[in-house]
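A short write-up of the structure that comes next.
The values are calculated or read from the model by the stated rules, or taken from the named source; none is laboratory data. Predicted, not measured: the structure shown is a model, and the values here were computed from it. Don't worry about glycine lacking a Cβ; one is built from the backbone with ideal geometry, like all the others, and counts go over all protein chains shown.
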Amino acid sequence: MDMIQNPILPGFHPDPSLCKVGDDFYIATSTFEWFPGVMIYHSRDLKHWQLAARPLDRVSLLNLRGEEASCGVWAPCLTHDGERFHLVYSDSKGKSKHAWDVSNYLTTATSIEGPWSERILLNHCGFDPSMFHDDDGRKWLVTLSQDQRPGRNRFGGIELQEYDPKQERLIGEPRIIFEGSDLGSSEGPHLYRIQDWYYLMLAEGGTGYGHAVTLARSHKLEGPYELDPDYPLLTSKNDPEAPLQKAGHASLVEAAPGEWVIAHLCSRPLGDTGRCILGRETALQRVEWSEDGWLRLQGGGRRAAAAIPACSLPEHPLPPLPEIRNFDEDVLPSEFQTLREALGEDQFSLTERSGWLRLYGRRSLYSNYDQSLVGRRVQHFHCEAETLLDYQPEHHQQAAGLVAFYDENSFYALQICGDQEAGPQLRLTCSDSRKETYPLADIPLPSGAIRLKATLQDQELRFAWASEEGDWHELETVLDASILSDDYGPRFRFTGAFFCLQAQDMTLRNTPADFRFFRYSVLS
């Protein structure tokens, strides 16, 4: 039997919104503080996926400057009304115990590649907006409505309001149509009209190990909605043996006649650490309708399967990403992202030195502003990243190198650092919840370009260096990679680990660092 292996989008691909248009399937996922915003993947068989678009690629659509880690783009929803794609998304400006400062926006396009229209502000009431196109042509927005009043449930229910595309704004009064189940934290709503029912699919239980998918239904759009009596549809709560943990936040399509699937969020912890270095990922499950009109996992139970039977769709394989990226083009490879904003001419160049990525040093790795950094998701528990760096720092406030990065609080950096007296040195820096340590003494370096390498084997991370043609020198320190996870350090961490190329210069000289290639290899 042909099977689909989960997760279908490994490594930092949370909050999947699954959309079908003709024979094409699309999944949009959250990107938080990484730019461009929203990753949209394409498939024709639900098995092979390829990055198709990163629509929020300009400041007029997404301004993340200065935003704290794990804010930014939350839970996009991608839909199609027969003529245009509609992408709604939250931009979180802050997350405290008192309030979520979130704005919800809409952008549209006739093609998934764009161009995407200028954004339309929808509301500020909460997060996780979703657009529903009813059979009568009317459009509706559903979103979490937060309640900040003392003693109230902060997750104040699911709010419905009509959207008028001609006026490009919400109209009428919003109303709460469902308050959720006793699992709590009702969010991530999606509406579907199937035969005589309106179905409301929700994420509940929080986005951690209690996460779940629930379903409610009504014969009327405005409700009242009845909760599935056998809820939840999907969860890994209290199921430590489940291969996919944190299962929740789902969306639904009919993949082929009578064959239904949900895309959902999941995580895979490292052993018994409870830490998920690859972040929250995207998986698929086959679902079917019960006689009384409720969705059930195919095969029964509530556990997310690590592999599912493929749907009756023609095989459509796609080429894998190249292992080595040489910087020979005039744009960065699509799998790379930057922090909070696109790099400007004063931060990078792909033409100043032909065949090299040049990063001009800006602020440090601890900053929420002006970082000269490009990164690629870590998508495998056993993998390796390598680069060749040509860099001649002259001052101790100048550094560049290879970084294993979660956010400004948690990273490991192997950098060539300047020293006015001793000359360039190699230094390994650790930020463990911003407690900086140097587990390695500075190493004097030979002249010329230097290769840098990071090797991940489950929880263990090792760095090494070599001259351009020389043998590798492995650093003795074995690092704990699990600090690069949602589940370590401050609360409300939602992203995943990256391997990054980075340059910093606190002297304002913008000293350039040149990277010849980036290699990401999967290890056995």
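Couple of notes before you dig in:
- Within the range 93-105, residues that are assigned by TED's automatic domain parsing to the domain that holds SER117 have Cβ atoms under 7 Å from residues that are outside any strand (DSSP E or B) and modelled with pLDDT under 90 in these pairs: LYS95/PHE492; HIS98/GLN148; ALA99/GLN148, counting only partners at least 6 apart in sequence or on another chain.
- Candidates in the range 259-289 are the residues that are buried (at least 18 other Cβ atoms within 10 Å of the Cβ) and of a type in the set (D, E, K, R); of these, the one that is nearest to ARG44 (Cα to Cα) is GLU259.
- Here GLU254 passes the criteria (1) acidic (Asp, Glu); (2) under 15 Å from TYR192 (Cα atoms); (3) under 24 Å from the mean Cα position of the chain (by Cα) except the one numbered (3).
- Residue match in the range 237-245 (condition: part of a strand (DSSP E or B), within 30 Å of ILE176 (Cα to Cα) and either touching a residue at least 12 places away in the same chain (Cβ under 8 Å) or not assigned by TED's automatic domain parsing to the domain that holds PRO129 (or both)): no
- Of the set (1) assigned to a strand (DSSP E or B); (2) in contact (Cβ under 8 Å) with a residue 40 or more places away in the chain; (3) more than 27 Å from LEU343 (Cα to Cα), all apply to GLN504 but (3).
- A single member of CYS77, CYS19, CYS71 is in contact with a strand residue (DSSP E or B) (Cβ under 9 Å, 6 or more places away or on another chain) and either free of Cβ contacts under 8 Å to residues at least 60 places away in the same chain or not assigned by TED's automatic domain parsing to the domain that holds MET201 (or both), and it is CYS71.
- Some residue of the range 433-444 being within 25 Å of the chain's Cα centre (by Cα) and of a type outside the set (A, V, I, L, M, F, W, C): yes
- Check on ALA256, in contact (Cβ under 8 Å) with a residue 40 or more places away in the chain, under 15 Å from LEU46 (Cβ atoms) and hydrophobic (A, V, I, L, M, F, W, C): yes
- For the range 210-236, filtering for residues that are outside any strand (DSSP E or B), closer than 20 Å to PRO7 by Cβ and either touching a strand residue (DSSP E or B) at 6+ places or on another chain (Cβ under 6 Å) or not assigned by TED's automatic domain parsing to the domain that holds SER130 (or both) leaves 4.
- Yes/no for GLN285 being over 28 Å from GLY496 (Cα atoms) and polar (S, T, N, Q): no
- The residue that is nearest to LEU221 (Cα to Cα), counting only those in the range 180-194 that are part of a loop (DSSP other than H, G, I, E, B) and touching a residue at least 24 places away in the same chain (Cβ under 8 Å), is GLY180.
- Residues being surrounded by fewer than 19 Cβ atoms within 10 Å (Cβ to Cβ) and among the polar types (S, T, N, Q) - total across the range 1-42: 1
- The strands (runs of 3 or more DSSP E) located wholly in the range 264-332 that include 3 or more residues which are over 30 Å from LEU461 (Cα atoms) occupy 281-289, 295-297.
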